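*Asks:* Dropping a structure here in structure tokens format, bear with me for questions.
The values are calculated or read from the model by the stated rules, or taken from the named source; none is laboratory data. Predicted model only: the values in this text are computed from it and were never measured. Cβ placement follows ideal geometry from the backbone for every residue including glycine, while neighbour counts extend to all protein chains displayed. Please note that ligands, DNA and RNA were not included when accessible areas were found on the heavy atoms of the full protein model with its side chains. Shrake-Rupley method; radii C 1.70, N 1.55, O 1.52, S 1.80 Å.
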Amino acid sequence: MKGGERVDQRSEKILAAIVDEFIRTGEPVGSKALAARPEMGVSSATIRNHMAALEQEGYLDHPHTSAGRVPTYKGFQYYVENLMSPEPINAEKIGEIDRMLDSSVGSDESIIECASTALAEITKCAAVSTNHASKYSVISKVDVVPAGRRMYVLLMITSNGTIKNKVCRMEFDLTDEQMSGFTEFMNDHLKGVNLEEMSEEYISGLASALGSYMLSLAPLLHAVYELSEEMMRDSVEVKGEANLLACAEFPTNDVLKFIERKSELSDLLNDALSGINIRFGGENGTFAISNGAMISAGYYKDGKPAGTLGIVGPMRLDYRKVIPYIEYLSKKVTIMLSESDNLPPLGSEGDDKDDE
């Protein structure tokens, strides 16, 4: 583990070779196959000894039906954090990603949606994301639109481009004067207010200020509070679910359970704000897909944590290629959200190299 105890150099070399081979074939790896590699330079007996030690330390597992070993969750984690050499993204692929992101309409939600779509298409995995940039945004407009007899839609727009609406049923039809009076009052009192300030106490203060109008307009004021709460909650979005269903390594029931319970991933994804975070399905019940891996990274807006972006795919992912895409997209989203011209350009290293 990064920052933790390291195994000896030869064991690291053997572990890296086993993980690489297992990612490539999906089959247990034996000592004879490793000994046949010129770069090993040791006998199969020596390799078996190191494999046994790695198994005892929890980095490898030994399927009963095979003489070979397979990496465990701990082995994959060690490989990614200590042994793996990421493959730089070439200039052509960076251009493709940038063009996909340029198609966003400018709002925070659109930028993150485009980044998730790009990540799902490029990796052929499911892309997962959270967005809590709304926590740091302010209300920019409140409006009321008639939607039928005694039915009205309350619209709330925030400074990050988020638009939410809620249908309200009233006891009677509102006059134009009542609608304009309510919207004027709300915009006077809410425009520029941070969503974090929208507590029950704040709403109670607005109710008192409305006075005699409060009884007739209560559903609209209640909708203001509910929309504020909704915007403050982290939601988990998944793009490319079909990629999971198409993966032969995943039981269909696991995938369906994952999709149904995606909201439970919020806490796991938010752990990624400190850098690349890897979780494995079935590892202490982290998420529903027992043979899957979730890799995510945080993105920021104006220096503040704004959400996470990552993928869910088979445990046998090609981490060397996948992780650089997640890192690039999370940094690109950070730049787009922050609208900064002062950050260094992305992809400045290795852009002229081709994917293998």
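*Asks:* Does the range 331-345 contain at least one residue that is open to solvent by 10 Å² or more (accessible area, probe 1.4 Å), farther than 20 Å from Leu256 by Cβ, modelled with pLDDT of 90 or more and touching a Lys or Arg at 6+ places or on another chain (Cβ under 8 Å)?
*Replies:* Yes, because at least one residue in the range 331-345 is open to solvent by 10 Å² or more (accessible area, probe 1.4 Å), farther than 20 Å from Leu256 by Cβ, modelled with pLDDT of 90 or more and touching a Lys or Arg at 6+ places or on another chain (Cβ under 8 Å).
*Asks:* Taking the range 224-251 as the search range and keeping residues that are closer than 20 Å to Thr123 by Cα and in a helix (DSSP H, G or I), which one is least open to solvent (accessible area, probe 1.4 Å)?
*Replies:* Among those that are closer than 20 Å to Thr123 by Cα and in a helix (DSSP H, G or I), it is Leu244.
*Asks:* Against the condition open to solvent by 20 Å² or more (accessible area, probe 1.4 Å), assigned to a loop (DSSP other than H, G, I, E, B), in contact with a Lys or Arg (Cβ under 6 Å, 6 or more places away or on another chain) and more than 30 Å from Ser159 (Cα to Cα), how does Pro88 come out, does it pass? Steps first, please.
*Replies:* Working: open to solvent by 20 Å² or more (accessible area, probe 1.4 Å): yes; assigned to a loop (DSSP other than H, G, I, E, B): yes; in contact with a Lys or Arg (Cβ under 6 Å, 6 or more places away or on another chain): yes; more than 30 Å from Ser159 (Cα to Cα): yes.
Judged against the criteria, Pro88 is a match.
*Asks:* Here is a follow-up. Output the number of the condition that Leu273 fails; it satisfies all remaining conditions of (1) open to solvent by less than 50 Å² (accessible area, probe 1.4 Å); (2) out of contact with any Leu (no Cβ under 6 Å at 6 or more places or on another chain); (3) aliphatic (A, V, I, L, M); (4) modelled with pLDDT of 80 or more.
*Replies:* Looking at each condition in turn, Leu273 falls short on (4).
*Asks:* Now for a different question. Which residues, taken from the range 104-122, are within 14 Å of the chain's Cα centre (by Cα) and either open to solvent by less than 20 Å² (accessible area, probe 1.4 Å) or modelled with pLDDT of 90 or more (or both)?
*Replies:* Of everything in the range 104-122, those that are within 14 Å of the chain's Cα centre (by Cα) and either open to solvent by less than 20 Å² (accessible area, probe 1.4 Å) or modelled with pLDDT of 90 or more (or both) turn out to be Ile111, Ile112, Glu113, Cys114, Ala115, Ser116, Thr117, Ala118, Leu119, Ala120.
*Asks:* Moving on to the next point. For Glu5, state whether it is open to solvent by 70 Å² or more (accessible area, probe 1.4 Å), closer than 22 Å to Arg279 by Cα and either aromatic (Phe, Trp, Tyr) or not in a helix (DSSP H, G or I) (or both).
*Replies:* So Glu5 passes the test.
*Asks:* Being farther than 26 Å from Asp318 by Cβ and either in contact (Cβ under 8 Å) with a residue 40 or more places away in the chain or not in a loop (DSSP other than H, G, I, E, B) (or both) is the filter here; which residues of the range 25-54 pass it?
*Replies:* If the condition is that a residue be farther than 26 Å from Asp318 by Cβ and either in contact (Cβ under 8 Å) with a residue 40 or more places away in the chain or not in a loop (DSSP other than H, G, I, E, B) (or both), then Ser44, Ala45, Thr46, Arg48, Asn49, Ala52, Ala53 are the ones that fit.
*Asks:* Spot the failing condition for Leu309; the list is (1) modelled with pLDDT of 90 or more; (2) among the aliphatic types (A, V, I, L, M); (3) in contact with an Asp or Glu (Cβ under 9 Å, 6 or more places away or on another chain), and only one is missed.
*Replies:* It is condition (3) that Leu309 fails.
*Asks:* Does any residue of the range 68-80 turn out to be among the polar types (S, T, N, Q), open to solvent by 40 Å² or more (accessible area, probe 1.4 Å) and not in a helix (DSSP H, G or I)? So that I can check it myself, show each step before the final result.
*Replies:* Here is the first cut: in the range 68-80, the ones among the polar types (S, T, N, Q) are 72, 77.
Now drop any that are not open to solvent by 40 Å² or more (accessible area, probe 1.4 Å), which leaves none.
The answer is no, given that none of the residues of the range 68-80 is among the polar types (S, T, N, Q), open to solvent by 40 Å² or more (accessible area, probe 1.4 Å) and not in a helix (DSSP H, G or I).
*Asks:* Next question. Looking only at the range 123-153, which residues are more than 23 Å from Gly106 (Cα to Cα) and either part of a strand (DSSP E or B) or open to solvent by 30 Å² or more (accessible area, probe 1.4 Å) (or both)?
*Replies:* Residues satisfying the conditions are Lys124, Ala126, Val144, Val145, Pro146, Ala147, Gly148, Arg149, Arg150, Met151, Tyr152, Val153.
*Asks:* Right, another one. Filter the range 283-330 for residues that are among the β-branched types (Val, Ile, Thr) and out of contact with any Lys or Arg (no Cβ under 6 Å at 6 or more places or on another chain) and give the result. Explain how you work it out, then say what you get.
*Replies:* To start, the set of residues in the range 283-330 that are among the β-branched types (Val, Ile, Thr) comprises 286, 289, 295, 308, 311-312, 322-323, 326.
Those that are among the β-branched types (Val, Ile, Thr) and out of contact with any Lys or Arg (no Cβ under 6 Å at 6 or more places or on another chain): Ile289, Ile295, Thr308, Ile311, Val312, Val322, Ile323, Ile326.
*Asks:* Right, next: Against the definition (assigned to a loop (DSSP other than H, G, I, E, B), farther than 30 Å from Phe280 by Cβ, of a type in the set (Asp, Glu) and open to solvent by 50 Å² or more (accessible area, probe 1.4 Å)), how does Asp173 come out, yes or no? Spell out the reasoning first.
*Replies:* Numbers: assigned to a loop (DSSP other than H, G, I, E, B): yes; farther than 30 Å from Phe280 by Cβ: yes; of a type in the set (Asp, Glu): yes; open to solvent by 50 Å² or more (accessible area, probe 1.4 Å): yes.
Yes, satisfied.
*Asks:* Within 30 Å of Met232 (Cβ to Cβ), of a type in the set (Val, Ile, Thr) and not in a loop (DSSP other than H, G, I, E, B): is that true of Ile111 in this structure? Walk me through how you get there before you give the answer.
*Replies:* Working: within 30 Å of Met232 (Cβ to Cβ): yes; of a type in the set (Val, Ile, Thr): yes; not in a loop (DSSP other than H, G, I, E, B): yes.
In short, yes.
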